């Protein structure tokens, strides 16, 4: 049985604030070869790593990423105090350029870069794509652009040679319009959205990535179904647990 490749979902997010440099550095240190991050743009169109539509949960601040210039965002702390208290009080929001610099030191790591719909709606597909490709230039050959927004991914296809990944909450049949027209290299599907039984089938070249998985039993069950990639917040914990198995 081939074990799936583990993707670090927002870095090592179980132990560090999500989408931060410490979370990503920890994921890579434990052996992750694939890291997924979320990207939005500040008011002055600087790409930063951030998932939520608002700053409240992660930073304890009002408003959204796009409400502030990069100079203000740099002063906010991404401490996730609701989860960690003061344990990571000094951790800040990372820029996409900082992620590219970190990834430059780890040539075996592939980045899945998710374009958040809130940012695409605010800035438009082309401005967003221009901003992220410039920031990622040092490692662009190791990047996959992913999104729930199929129209944005079609624009990525039109303008670049970058691989893309379509993200969905529910399973898409092979002839689903977005999947058939786009032929993405990856389909990211929520665990709860998978077919109940059988091996999920996708047309080449699309490979399946299942999120969010945090226990070994589910990893092994998905492996038996032929799932090649699994996305997890618990990258270090799962890698350690899988390494300890003898079968």
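Quick notes on this one:
- Against the numbered list (1) exposed (fewer than 13 other Cβ atoms within 10 Å of the Cβ); (2) within 15 Å of residue 147 (Cα to Cα), residue 189 comes up short only at (1).
Conditions tested, residue by residue: (1) at pLDDT below 95; (2) surrounded by fewer than 16 Cβ atoms within 10 Å (Cβ to Cβ); (3) farther than 15 Å from residue 44 by Cα.
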{"residue": "68", "(1), (2), (3)": "no, no, no"}
{"residue": "71", "(1), (2), (3)": "no, yes, no"}
{"residue": "85", "(1), (2), (3)": "no, yes, yes"}
{"residue": "89", "(1), (2), (3)": "no, yes, yes"}
{"residue": "92", "(1), (2), (3)": "no, no, yes"}
{"residue": "100", "(1), (2), (3)": "no, no, yes"}
{"residue": "104", "(1), (2), (3)": "no, yes, yes"}
{"residue": "109", "(1), (2), (3)": "no, no, yes"}
{"residue": "113", "(1), (2), (3)": "no, no, yes"}
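- Condition met for residue 13 (touching a helix residue (DSSP H, G or I) at 6+ places or on another chain (Cβ under 6 Å), under 17 Å from residue 188 (Cβ atoms), outside any loop (DSSP other than H, G, I, E, B) and at pLDDT 95 or above): no
Matching residues to (1) under 23 Å from residue 125 (Cβ atoms); (2) over 18 Å from the mean Cα position of the chain (by Cα):
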site: 16; (1), (2): no, no
site: 32; (1), (2): no, no
site: 40; (1), (2): yes, no
site: 45; (1), (2): yes, yes
site: 50; (1), (2): yes, no
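- Unmet criterion (only one of (1) farther than 26 Å from residue 104 by Cα; (2) modelled with pLDDT of 95 or more; (3) surrounded by fewer than 18 Cβ atoms within 10 Å (Cβ to Cβ)) for residue 160: (1)
- Qualifying residue in segment 210-220 (condition: over 23 Å from residue 30 (Cβ atoms), touching a residue at least 12 places away in the same chain (Cβ under 8 Å) and either in contact with a strand residue (DSSP E or B) (Cβ under 6 Å, 6 or more places away or on another chain) or surrounded by fewer than 18 Cβ atoms within 10 Å (Cβ to Cβ) (or both)): no
- Selected residue (only one of 244, 226 is exposed (fewer than 14 other Cβ atoms within 10 Å of the Cβ) and out of contact with any strand residue (DSSP E or B) (no Cβ under 8 Å at 6 or more places or on another chain)): 244
The values are calculated or read from the model by the stated rules, or taken from the named source; none is laboratory data. Just so we're clear, the structure is a prediction, and the values are computed from it rather than from any experiment. When we count neighbours, we look across all protein chains shown, and the Cβ atoms used for this are built from the backbone with ideal geometry, even at glycine.
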